[in-house]
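Please treat every number below as a calculation from the coordinates, not as lab data. Computed from a predicted structure; not experimentally measured. Cβ: placed from backbone, ideal geometry, glycine included. Neighbour counts: every protein chain shown.
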C-alpha cells in the first residue's frame, strides 16, 4: 500500500486528488495539508511514502518544506506540482531533493503512474518542466552556481558503485537496476544510500544530475581505480 499525502492551498485540487487516489486499490491518502507549516507537521506525523506538494504554499513555500523535511531525514518521496511560471523555484526544488516535478494539469492516469514510479524508487520530470530544468542548469553551470563534487570522492567508488551511479543517471528505477545487475532491490537501496552519503547529496535526482555532469552516465571508465 502506498501512503500518499496531499499538500495544496486550493481545496478543489485537494479534493480531486483525494478522490482519484482513494479509487486505487494500492494507494490511500493519509493526510491533507493546506499550507506550508501544516505540510511539515503532518508529514512528520504520518511519514507518507509519497508527498504531492504544491510549490507555492501559504506560510512557507514548497522549497522550504522540502528543506525542512530532508533535514528531518524523512524517507518520503516528494513530487512537486508546478506551473509554467514557477521557474524561480524549479532549481531550488531539484537542489533540495524532490523526486519528481509535474505540471498542474497533468492527466489523472499519468499522475497515478507517477506516484507508483516514485514510490518504487524512480524519478520523473514532466517533459515541459525538463526543458526548463536543462536550461536552468546550463545557465547556472556557466556561473558556477551548481554545487560541485570533488572528483577525488568519485574516484573512491568501486565498479559496482559506479555502475549504480551510471544507471541512476540514465533514469533507471530501483526495480530496473535490480533486473539489470541481478541483485536484490534491498541491495540497490543500500548502494544508493551509501553513495548519497559519501557524496553528501540529498536525493537520487541530484545523483542523476551528477552522473550526467561528470559523464558517468555515458562512461565511467576514467573513474575506475587502477
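What does the extension gain come out to for residue 187 and residue 224, with contour length at 0.36 nm per residue minus their alpha carbon separation? Write down the numbers at each step before the final one.
On the way: separation 37, 0.36 × 37 = 13.32 nm, distance 2.11 nm.
Full extension from residue 187 to residue 224 adds 11.2 nm.
Just to verify a number: FRET efficiency for residue 170 and residue 11, C-beta to C-beta distance, R0 = 41 Å, to 0.05? It would help to have the intermediate numbers written out before the result.
Numbers: r = 40 Å, r/R0 = 0.97.
Here the calculated transfer efficiency is 0.55.
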> In cubic angstrom, how much convex hull volume per residue do the alpha carbon atoms of the range 151-223 span?
Replying inline: 77
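Got a sec? How would 79, 115 order by Cβ neighbour count within 10 Å, fewest to most? Each step should come with its number before you reach the end.
On the way: 79 23, 115 26.
Fewest to most other Cβ atoms nearby, the residues stand as 79, 115.
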> Can you give the extra length, in nm with one decimal, that the chain gains between residue 180 and residue 37 once fully stretched, where that is 0.36 nm per residue apart less the Cα-Cα distance?
Replying inline: 47.4 nm
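Highest first, please rank the peptides 101-112, 24-35, 59-70 by the mean number of other Cβ atoms sitting within 10 Å of their residues. Kindly include the intermediate steps, with their values, before the conclusion.
Numbers: 101-112: 14.9, 24-35: 16.9, 59-70: 20.7.
Packing order, densest peptide first, comes out as 59-70, 24-35, 101-112.
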